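Here's the structure, in structure tokens; my notes come after.
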Amino acid sequence: MGKILNPKDLSSYQTKSKNPETMKTLNSKLMRILLFGLYLLSLSTLSALNTPDLRIINAGLGKQFAVKVAGLAEAEAVFAVRTPAGKTLLQQAIHSEQYQAIFSLEHLPEGHYLLVLSTAKQEIVQPVELTRRAIRYDLNQRQLICKPVIRIDGRQLDVDFDNPQRLPIQLKLQTTDGSVLHQQEFTDSEEVELRMNLLQLPAGDYQLVLATNEQAWTETIRLR
């Protein structure tokens, strides 16, 4: 059984060791243990979300790189190269559970870009730096962004949203001029699954807004 160390434990533990080299070694070991624990936690979270495996391999040919994707549960995704402002510069649809290809960015100037793998429920965003000789990136900067899946079938509206960080969620159904028809809040929920019956609403366009304290999505709902 592992032991959880609190700040007092660490302070007294370090004080007992007077040798700077010994303290450096102990601190290094503790840091490796903590990082390994965080790594296992990340793997557990990603596995629970069925997140695909995205690998970026510098091909060693300047501005060329290889992409390898595995574990696409729905066998549908889009790989894209974007500017930090969100402009798409290159896009490739994927229609299989596994995918690999080599891309060239020779036509782009040196600078910072985003490599993005998008599925129906998630986006994996990897910032990269494009130089004349290589494409550099730091895995610690990689982001996993969960997206809501919104389906409308006649007058039945389904919402599915993964929320691994348990962020507070606000959901609103409103008219196109902003008049709120329905509002609901969720707290401490890892996943939101909601079904709404819209039989009482007249035909027309409506908006479904789902927001956390980090991001918001707006979907137009058309009822006939």
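The values are calculated or read from the model by the stated rules, or taken from the named source; none is laboratory data. Quick caveat, the model's predicted, so the values are computed rather than measured. FYI the Cβ positions are ideal-geometry reconstructions off the backbone, even for glycines, and counts take in every protein chain you see.
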Conditions (1) surrounded by 13 or more Cβ atoms within 10 Å (Cβ to Cβ); (2) at pLDDT below 95; (3) touching a strand residue (DSSP E or B) at 6+ places or on another chain (Cβ under 8 Å); number of the one not met by Y206: (2)
The stretch 167-177: number of residues that are assigned to a loop (DSSP other than H, G, I, E, B) and either among the hydroxyl-bearing types (S, T, Y) or not assigned by TED's automatic domain parsing to the domain that holds L208 (or both): 1
Inside the stretch 191-224, the number of residues satisfying the requirement of being in a strand (DSSP E or B) and either in contact with a Ser or Thr (Cβ under 9 Å, 6 or more places away or on another chain) or farther than 22 Å from N50 by Cα (or both) is 18
Is it true that some residue in the stretch 181-190 is in contact with a strand residue (DSSP E or B) (Cβ under 6 Å, 6 or more places away or on another chain), β-branched (V, I, T) and either at pLDDT below 95 or outside any loop (DSSP other than H, G, I, E, B) (or both)? no
For A75: the one exception among (1) part of a strand (DSSP E or B); (2) of a type in the set (A, V, I, L, M, F, W, C); (3) without any contact (Cβ under 8 Å) to a residue 40 or more places away in the chain: (1)
Within the stretch 158-166, is there a residue that is out of contact with any helix residue (DSSP H, G or I) (no Cβ under 8 Å at 6 or more places or on another chain), assigned to a strand (DSSP E or B) and farther than 29 Å from V67 by Cβ? yes
So which of V125, V116, V149 is β-branched (V, I, T), modelled with pLDDT under 95 and surrounded by 13 or more Cβ atoms within 10 Å (Cβ to Cβ)? V149
Could you say whether any residue in the stretch 152-162 is under 14 Å from R55 (Cα atoms), in contact (Cβ under 8 Å) with a residue 40 or more places away in the chain and either of a type in the set (A, V, I, L, M, F, W, C) or surrounded by fewer than 16 Cβ atoms within 10 Å (Cβ to Cβ) (or both)? no
Inspect the stretch 132-152 for any residue being touching a Cys at 6+ places or on another chain (Cβ under 7 Å) and within 29 Å of F186 (Cβ to Cβ) and give the result as yes or no. no
Only one of A73, A85 that is small (G, A, S) and either within 30 Å of R195 (Cβ to Cβ) or touching a Pro at 6+ places or on another chain (Cβ under 6 Å) (or both): A73
When residues of the stretch 147-157 are filtered for being assigned to a strand (DSSP E or B) and in contact with a strand residue (DSSP E or B) (Cβ under 8 Å, 6 or more places away or on another chain), how many remain? 6
